[in-house]
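Report on the structure given below.
The values are calculated or read from the model by the stated rules, or taken from the named source; none is laboratory data. Given the structure is predicted, the values throughout are model-derived calculations rather than measurements. Cβ placement follows ideal geometry from the backbone for every residue including glycine, while neighbour counts extend to all protein chains displayed.
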Amino acid sequence: MSDTMTEGVIASWLKKVGDTVKSGDVLAEVETDKATMELESYEDGTLLYIGPKEKESVPVDGVLAIIGKQGEDISGLLSQAQGGGAAAPAEQPAPAAEPAKAMSQEAPAAAPAPQATQAPAANVNATVIRMPKMSDTMTEGTIASWQKKVGDKVKSGDILAEVETDKATMELESYEDGTLLYIGVEAGNSVAVDGILAIIGEAGADYQQLLSGNTGGAQRSDRQEAEIADSRVENSKTDTQLQEQAAPAEAKNVQVPGPNGQGQQAATPAAANTGGRILASPLAKKIAEEKGIDLNQVKGSGDNGRIVVKDVENFVPAAKPAAAPTQAAAPAAAPAPTGALYSEVPVSQMRKVIAKRLSESLFTAPHFYLTMEIDMDKAIEARNSLNEVSPVKISFNDLVVKAAAAALKQHPAVNSSWLGDKIRYNNVINIGIAVAVEEGLLVPVVRNADQKTLSQIAAEVKDLGGKAKTKKLQPADWEGNTFTISNLGMFGIDEFTAIINPPDACIMAVGGIKQTPVVKNGQIQIGNLMKVTLSCDHRVVDGAVGSAFLQTFKKLLEDPIRILV
């Protein structure tokens, strides 16, 4: 539904299972990173199945619903959609209408890793272990060392290898029980995310079929996939962080939460403890933290007493000693704070995309910044005169948009985009206007701004701003920008630098108009000055090119009659 969308949230279902659906009917409302949009049906039939519930998110290409004939058997499609079986036979009608097909194919959601997929031969009882994405910036990992060798027995929770990422050296856990049949990467070599690392399965299994098909073995359960995703979050912590978390557990006479929420004396440590660090898998630590379980009391069943997930899940706290009431009363001298220390909310789709795109821009595009002061005395006079005859109130931002469009026409090198192996010089001037909304930032686009009058620009900007705040923008409203303007002057900001909005080569940050002493004709006077800062992608725009653009922009605003010519 947008070029930056990776997943959507079902705001509401407008149809229910059993309803008759026609092509063009609206099935649901979907919240994307930029707007709430309607999801239409492209099939006629009966709504047989609904996957995600309202307020649940679904990745691009995820299954939302199935439409078919009344009473039709959809078990094959359901097993395929839920990852639990093979694809439906070719001769079976495929009534599934997957609205996700209409979404962008360019930004699929990241697959969980290590990944296990269906083998070409169903009788191969083995699973491919792939390189997981252990940090948000990781693209490949280097095998520092293998902790297991081919032929070794492996249990869930065992450490297979140590992996060097772009941020730390982390442990790679197994989520399968079986025999290590194959190692694909030698220690010291690198492999891309999702690349094949190893194969674990039944001793003697013909794993060559998996390698030739470049797929995994039997599919994991939803629980295992969830464990992998959670482990990836925990694995992003370095060993130092894990030691710091485990260090307080060394203290004696620690008060730990009991089953009824009251404090109790910590028992003699049952977990393996090496140099202050508890031997436990990252996911086991996460679950223990969520359940309030002291890992010192948990006995590990893994190698060297290592605590794995099942140890935490099967843990039963020891009975409280008789003296517990007396001990629980001791901390009463220091009452705990009554209010919550913090609150956490899920990251919205819009905020996820802002974080992803602007991080990529800032850390990929070499930014440089050019700042210039502009005398706005004549612009103020011109605006007052124009508003006496204009059908729509013209703002200073509208003057900035018109002046920028006129300057871009004279400096087409600034109206460009970096495409990796080529530079695109745009023949149209489409200016994106950054608009602040409750959840973040949207950038609707004023198309062909150089060909529009000030009143037309003013009306369009107001209309787009209203749509942005009510989440009614459509993809055509935010796509195709060639230059972006971000104005914080109305918030009292004098000057700031903005991050380039891809695929643009430049973005202009506009501050407020401020009365400042200036020298005119050898005398000190009060002038109305506005500062603008142009952020440029040095791969496309050089300093001299950006400076020339700003000089033209300055002349146009300091003598606004030029804009109207």
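Can you spot a residue in the stretch 432-453 that is of a type outside the set (A, V, I, L, M, F, W, C), within 20 Å of A407 (Cβ to Cβ) and assigned to a strand (DSSP E or B)?
The answer is yes, given that some residue of the stretch 432-453 is of a type outside the set (A, V, I, L, M, F, W, C), within 20 Å of A407 (Cβ to Cβ) and assigned to a strand (DSSP E or B).
Would you point out which residue out of A90, A81 is more than 24 Å from E438 (Cβ to Cβ), modelled with pLDDT under 85, buried (at least 17 other Cβ atoms within 10 Å of the Cβ) and not polar (S, T, N, Q)? Reasoning before the result, please.
Numbers: A90 fails: buried (at least 17 other Cβ atoms within 10 Å of the Cβ).
Just one listed residue meets the conditions, A81.
Can you tell me how many residues within the stretch 488-537 are assigned to a strand (DSSP E or B), more than 17 Å from I380 (Cβ to Cβ) and either modelled with pLDDT of 95 or more or not assigned by the TED database to the domain that holds V414 (or both)?
9
May I ask you to list the residues in the stretch 466-482 that are touching a strand residue (DSSP E or B) at 6+ places or on another chain (Cβ under 8 Å), surrounded by fewer than 16 Cβ atoms within 10 Å (Cβ to Cβ) and either free of Cβ contacts under 8 Å to residues at least 12 places away in the same chain or in a helix (DSSP H, G or I) (or both)?
K469
Taking I561 and the conditions (1) of a type in the set (A, V, I, L, M, F, W, C); (2) closer than 20 Å to S416 by Cβ; (3) more than 35 Å from the chain's Cα centre (by Cα), which numbered condition does it fall short on, given that it satisfies the others?
The one condition I561 does not meet is (2).
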